[in-house]
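If you scroll down you'll find the structure; I have some questions about it.
The values are calculated or read from the model by the stated rules, or taken from the named source; none is laboratory data. Here the structure is a predicted model, which means the values were calculated and not measured. All Cβ positions, even for glycine, are placed from backbone atoms using ideal geometry, and neighbour counts span all protein chains on display. We work out accessible area using only protein heavy atoms, side chains counted, and drop any ligands, DNA or RNA first. Shrake-Rupley method; radii C 1.70, N 1.55, O 1.52, S 1.80 Å.
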Amino acid sequence: MINVTKPFLPPREEFDQYINGIWSREWLTNNGPLVNELELKLKEYLDVPHLFFVSNGTIALQIAIKALGVKGEIITTPFSYVATTSCICWEGYTPVFVDICPRTLNINPELIEAAITPETTAILATHVYGNPCDVEAIDSIASKYNLKVIYDGAHAFGTKYNGRSVFKYGDISTISFHATKLFHTIEGGAVITQDASVAKEIAHIRNFGHDGPEKFYSIGINGKNSEFHAAMGLCNLKYVNQILQRRKELSERYDLMLKPLRITKPFIESKEEFNHAYYAIIFESEKALLKAIDTLNGVYTYPRRYFYPSLDKLNYVGSEGEMKVAGSVSSRVLCLPLYQDLSFEEIDMISRALLRAQNY
Ligand SMILES: Cc1ncc(COP(=O)(O)O)c(C=O)c1O
């Protein structure tokens with residue numbers, strides 16, 4: 001059986017060494033030494049000044065909203081994972097959807113200004129599949145209208161824009177380290193900022209708002225992560241360059257094998273260094289996509305309709321205006337299996353099945 005993804009697992013002995021250390025220190029959570037070490041190493045790897053390891057990428061988004069004090073209407077993309085929208089609704093604010101660019105599948109900056117109202121306080125955009133948004137255009141609209149910018153970089157580990165870490169843009173970026181991500185800590189995520197005063201807010205909010213054992217600085221939540229999760233991160237970080245390289249090779253194999261297939265793919269701008277977090281293909285019609293899924297399932301291969309449905313269709317959001325591009329793309333997009341030990345032979349088999357589905 002070939003699933004859309006399979007978590008990377010480091011050599012067991014390397015993980016065990018960290019676990020032995022946890023046993024001898026008897027320090028399991030609450031900003032322990034492994035959490036600190038992982039944060040330092042991630043800051044260095046991602047080239048960012050402030051990074052907070054948290055329990056998942058969803059709580060990272062909730063903390064970002066609270067730390068920036070944004071409220072009212074938040075402009076966002078309908079083409080993302082549900083957490084990008086639900087985090088806004090969870091806080092009691094209103095997601096205002098702006099359609100995506102048909103080439104990159106990221107929020108279309110040309111449509112943002114028309115959606116701004118006196119209630120708008122922020123833009124929350126996703127670097128879809130690790131492909132960076134037009135961060136320059138978004139950041140310049142935000143400064144013109146005095147809006148905050150949060151980038152949901154759940155997929156963007158290792159991505160660069162104009163040679164710089166993509167996490168250097170916006171007021172806050174978030175990331176997910178879920179087991180399905182190319183770098184993972186089993187469950188986990190991070191909140192990243194360039195700004196020391198925002199970092200202070202995040203640090204307090206992540207830890208219930210504590211300012212010392214008996215004093216409270218602000219409202220907070222339990223967003224901390226544990227020594228065990230940090231141990232997995234420290235093990236995996238050693239392999240992340242190999243993982244990035246392998247995903248590139250596998251994606252190039254798909255490119256080669258799928259040349260005759262009538263599909264399109266998200267466009268990666270030349271100034272972007274892509275991390276190959278996903279291999280997404282867009283069919284001509286939903287019918288062609290369903291036939292492809294059926295054929296792949298017949299050879300025990302399980303790709304994923306990701307993202308589907310378009311988020312403006314969620315039953316708890318009131319959405320104005322039709323998200324034509326996001327609606328159309330989400331009905332036709334499919335993420336193919338991509339993980340470290342997927343073989344070229346398996347990619348060839350998947351590709352042949354896709355061609356069969358197209359031709360018969
Ligand atoms: C775009 C996006 N945002 C947020 C999340 C939430 O991350 P987590 O699963 O770590 O809570 C995900 C998870 O897949 C995601 O894909």
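Which residues, taken from the stretch 320-360, are more than 23 Å from the chain's Cα centre (by Cα), hydroxyl-bearing (S, T, Y) and open to solvent by 10 Å² or more (accessible area, probe 1.4 Å)?
S343, Y360
Within the stretch 107-147, can you find the residues that are more than 16 Å from the ligand (Cβ to nearest atom) and in contact with a His (Cβ under 7 Å, 6 or more places away or on another chain)?
none
Name the single residue that is nearest to E14 (Cα to Cα) among those in the stretch 207-230 being open to solvent by less than 10 Å² (accessible area, probe 1.4 Å) and over 21 Å from the mean Cα position of the chain (by Cα).
E227
Tell me which residues, restricted to the stretch 49-81, are within 14 Å of the ligand (Cβ to nearest atom), within 23 Å of E119 (Cβ to Cβ) and of a type in the set (V, I, T).
Matches in the stretch 49-81: I63, I65, T76, T77.
State whether one or more residues within the stretch 298-313 are surrounded by fewer than 18 Cβ atoms within 10 Å (Cβ to Cβ) and polar (S, T, N, Q).
no
Give me the pairs, please: first residue somewhere in the stretch 110-132 and within 16 Å of D99 (Cα to Cα), second residue anywhere and within 13 Å of the ligand (Cβ to nearest atom) and part of a helix (DSSP H, G or I), beta-carbon distance under 7 Å, and either six or more positions apart or on two chains.
From the stretch 110-132, the pairs are L124/T84; L124/I88; T126/T84.
So that you can scan it fast, the table gives a plain yes or no per residue for (1) in contact with a Phe, Trp or Tyr (Cβ under 8 Å, 6 or more places away or on another chain); (2) buried (at least 24 other Cβ atoms within 10 Å of the Cβ):
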| residue | (1), (2) |
| --- | --- |
| K71 | yes, no |
| G92 | no, no |
| F97 | no, yes |
| P102 | no, no |
| A122 | no, yes |
| V128 | yes, yes |
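Being away from the ligand (no atom under 16 Å from the Cβ) and either in the same structural domain as A67 (by TED's automatic domain parsing) or open to solvent by less than 10 Å² (accessible area, probe 1.4 Å) (or both) is true for just one of K181, K168. Which residue is that? Before you say what the answer is, go through the steps one by one.
Values: K181 fails: away from the ligand (no atom under 16 Å from the Cβ).
Being away from the ligand (no atom under 16 Å from the Cβ) and either in the same structural domain as A67 (by TED's automatic domain parsing) or open to solvent by less than 10 Å² (accessible area, probe 1.4 Å) (or both) holds for just one of K181, K168, which is K168.
Could you count how many residues in the stretch 184-206 are open to solvent by 60 Å² or more (accessible area, probe 1.4 Å), among the aliphatic types (A, V, I, L, M) and in a helix (DSSP H, G or I)? Step through it out loud before you land on a result.
Kept after step one, since they are open to solvent by 60 Å² or more (accessible area, probe 1.4 Å), are these residues of the stretch 184-206: 186-187, 194-197, 200.
Checking which are among the aliphatic types (A, V, I, L, M) leaves us with 186, 196.
Keeping just the survivors that are in a helix (DSSP H, G or I) gives 196.
The qualifying residues number 1.
Also, I was wondering about something else. Just one of (1) in contact with a His (Cβ under 9 Å, 6 or more places away or on another chain); (2) within 11 Å of the ligand (Cβ to nearest atom) trips up T174, so point out which.
Single failed check for T174: (1).
Please verify whether the stretch 15-31 includes one or more residues that are within 16 Å of the ligand (Cβ to nearest atom) and either assigned by TED's automatic domain parsing to the domain that holds I175 or over 28 Å from A326 (Cβ atoms) (or both).
First pass over the stretch 15-31, keeping only residues within 16 Å of the ligand (Cβ to nearest atom): none.
Among the residues of the stretch 15-31, not one is within 16 Å of the ligand (Cβ to nearest atom) and either assigned by TED's automatic domain parsing to the domain that holds I175 or over 28 Å from A326 (Cβ atoms) (or both), which makes the answer no.
Answer yes if at least one residue in the stretch 217-227 is more than 17 Å from D341 (Cβ to Cβ) and in a helix (DSSP H, G or I), and no otherwise.
Restricting attention to the stretch 217-227, the residues satisfying the condition of being more than 17 Å from D341 (Cβ to Cβ) are 217-227.
Filter once more, so that each one left must be in a helix (DSSP H, G or I): 227.
Yes, the stretch 217-227 contains a residue that is more than 17 Å from D341 (Cβ to Cβ) and in a helix (DSSP H, G or I).
Filter the stretch 151-165 down to residues that are within 10 Å of the ligand (Cβ to nearest atom) and assigned to a loop (DSSP other than H, G, I, E, B) and give me whichever is nearest to K224 (Cα to Cα).
In this case the residue turns out to be A154.
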